[in-house]
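The values are calculated or read from the model by the stated rules, or taken from the named source; none is laboratory data. Because the structure is predicted, anything quoted here is derived from the model rather than measured. Heads up, the Cβs are rebuilt from the backbone with ideal geometry, glycines too, and the neighbour counts pull from every protein chain shown. Each accessible area value is taken on the protein alone, full model and side chains, heavy atoms only, with ligands, DNA and RNA left out. Shrake-Rupley method; radii C 1.70, N 1.55, O 1.52, S 1.80 Å.
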Amino acid sequence: MPRPIEALIHPAALAHNLQRARALAPDARVFAVVKANAYGHGIENVFPGLRGADGIALLDLDEAQRVRTLGWRGPILLLEGCFEARDLELCSRLRLWHAVHCQEQIDWLAMHKTHEPHRVFLKMNSGMNRLGLTPSAFRAAWTRLNALPQVDEITLMTHFSDADGARGIAHQMQVFLEATSDLPGERSLSNSAAVLRHAADAAVRADWVRAGIMSYGSAPDYPEHDIHHWALQPTMTLRARIIGVQQLQAGDTVGYGSSFRAEGPMRIGVVACGYADGYPRHAPSGTPVLVDGQRSRTVGRVSMDMLAVDLSALPQAGMGSEVTLWGRGPGASVLSIDEVAHAAGTIGYELMCALARRVPVSVDATA
Ligand SMILES: *Cc1c(COP(=O)(O)O)cnc(C)c1O
């Protein structure tokens, strides 16, 4: 039998989560963000859950091609736009909308030969200082784009640095609104955290929201809020089985570096999951897991192919027991990826994106 570990993708949960974005921004259209191979889920695996989206947003031209091959005829937005002039040919051929965040991308458009003018998303750097034109250069860029026969529609776009946290979005909203007040066109501002926390403001919802992490059942502002608070459902389950059991006495240690020492007699299970599967090596002893749907904790260091869990309070559990590393467990049990990520000092995004290739993935066809 193959090594007993698998990932299960839940497209129905993704559809539910996209509905949550829609409910919070009812007057906006919703881009489902599927960059990084749908945040590690596999674009093909989540595709059945994407049908309710109004558009699909991603970064790689290769991923755009895959989405078209799956039969998606709706909008596709390249969030970083083109990386070189030649990419515009694919934009024309696949009817891709693309971000324009710098002068070079405007230069390429001006030289591009096309019969069908493009829809572009002109991106402002309103304070994040990653991609985008400064507020002072924004109007001139808009005017230049607007004069190009290669361009038909210009949507105004920006991205928030702190929608999930204490600083919030007010400073960036002010910059964006001031610099765009008399420009026509649709607007797109909000990522998941802005949809969840700030969408009471119509200017934040705007015309298009870009729902990434919330679509995948992770709360961007964990631990302040969790997925139950936001009514989101996990879209990825990572589960494995117990392949060994050890009985420990007081003073016995577990795993490399002997980082865990038993204080008294205890029973542990060894799980067929390690950092080479994408489980975070930095998860300390005490990181939550589900064993047969019951909460327990890891003990000792995570190794490449295995980790250990405490079975002391679970006498029925043993060889072959199912261990949920994150996602949906047996019955109605749930272990949010955010809890695991938080324990390991990272975020849900990183764990889902890091699911290793060696883990077999299947699609959960049930609701
Ligand atoms: C990744 C990304 C998003 C989605 O962000 P989430 O926090 O996952 O919702 C939205 N907009 C842009 C430009 C992005 O790069």
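Once you've got the GNM for the chain with C-alpha springs shorter than 10 Å, pick whichever of Leu248, Leu189, Leu325 has the biggest mean-square fluctuation.
Between Leu248, Leu189, Leu325, it is Leu248 that shows the largest mean-square fluctuation.
First select every other residue whose beta carbon is under 12 angstrom from the beta carbon of Met124; then total the charges, Lys and Arg +1, Asp and Glu -1. Each step should come with its number before you reach the end.
On the way: positive: Lys123, Arg130, Arg139, Arg187; negative: Glu178.
Neighbourhood net charge equals +3.
Can you tell which of Ala356, Ala262, Ala250 shows the greatest fluctuation in a Gaussian network model of the chain with Cα springs below 10 Å?
Of Ala356, Ala262, Ala250, the most mobile in the Gaussian network model is Ala250.
Count charges around Ala170 for me, please; just the other residues with Cβ under 11 Å from its Cβ, Lys/Arg as +1, Asp/Glu as -1. Show your work: numbers first, answer last.
Numbers: positive: Arg167; negative: Asp162, Asp201.
Taking every other residue near Ala170 into account, the sum is -1.
Which distance in nm do the two modelled labels at Ala231 and Ser333 give, with both placed 7 Å along the Cα-to-Cβ direction?
2.7
Run through the range 69-159 and list the GluC sites (Glu not before Pro) located in a DSSP loop whose Cβ has at most 14 other Cβ atoms within 10 Å. List each step's numbers first, then the result.
Numbers: sites: Glu80, Glu84, Glu89, Glu104, Glu153; in loops: Glu80, Glu84.
Filter output for the range 69-159: Glu84.
Based on the Cβ-Cβ distance from Thr366 to Ser181, what FRET efficiency comes out when R0 is 45 Å, to the nearest 0.05?
Between Thr366 and Ser181 the formula returns 0.40.
Under a point spin-label approximation (7 Å from Cα along Cα-to-Cβ), what is the Arg95-Met304 distance to one decimal in nm?
4.9
If the chain between Ser259 and Ala23 were fully stretched, how many nm would it gain, using 0.36 nm times the residue separation less the Cα-Cα distance? If you can, show how the numbers build up before the last one.
Working: separation 236, 0.36 × 236 = 84.96 nm, distance 4.65 nm.
Length gained between Ser259 and Ala23: 80.3 nm.
How many percent of the accessible area of the range 11-216 is carbon or sulfur, using a 1.4 Å probe? Could you put the intermediate results ahead of the total?
Working: 4230 of 8340 Å².
Of the solvent-accessible surface of the range 11-216, carbon and sulfur hold 51 percent.
Please work out how much length the chain gains when fully extended from Glu44 to Thr134, using 0.36 nm per residue of separation minus the C-alpha to C-alpha distance, in nm with one decimal. If you can, show how the numbers build up before the last one.
Details: separation 90, 0.36 × 90 = 32.40 nm, distance 3.67 nm.
So the chain would gain 28.7 nm between Glu44 and Thr134.
Please state the relative contact order of the chain as a whole percent: Cα pairs under 8 Å, 6+ residues apart?
Working: 850 pairs, mean separation 66.8, N = 367.
About 18 percent, as a whole number.
Which length gain, in nm to one decimal place, applies between Glu84 and Ala147 when the Cα-Cα distance is subtracted from 0.36 nm times their residue separation? Display every interim value, and only then the final one.
Working: separation 63, 0.36 × 63 = 22.68 nm, distance 2.12 nm.
Length gained, Glu84 through Ala147: 20.6 nm.
Using the beta-carbon distance between Arg358 and Arg295 and R0 = 30 Å, what value does 1/(1 + (r/R0)^6) give for FRET efficiency, to the nearest 0.05?
Values: r = 27 Å, r/R0 = 0.90.
Once the sixth-power term is evaluated, E becomes 0.65.
Given a Förster radius of 22 Å and the C-beta distance between Asp162 and His282 as r, what FRET efficiency does 1/(1 + (r/R0)^6) yield to the nearest 0.05?
Values: r = 25 Å, r/R0 = 1.12.
E(calc), rounded to 0.05, equals 0.35.
Might you tell me the accessible area per residue for the chain, computed with a 1.4 Å probe and given in Å²? Don't jump to the answer; show the numbers that get you there.
Numbers: 15680 Å² over 367 residues.
About 43 Å² of surface per residue is accessible.
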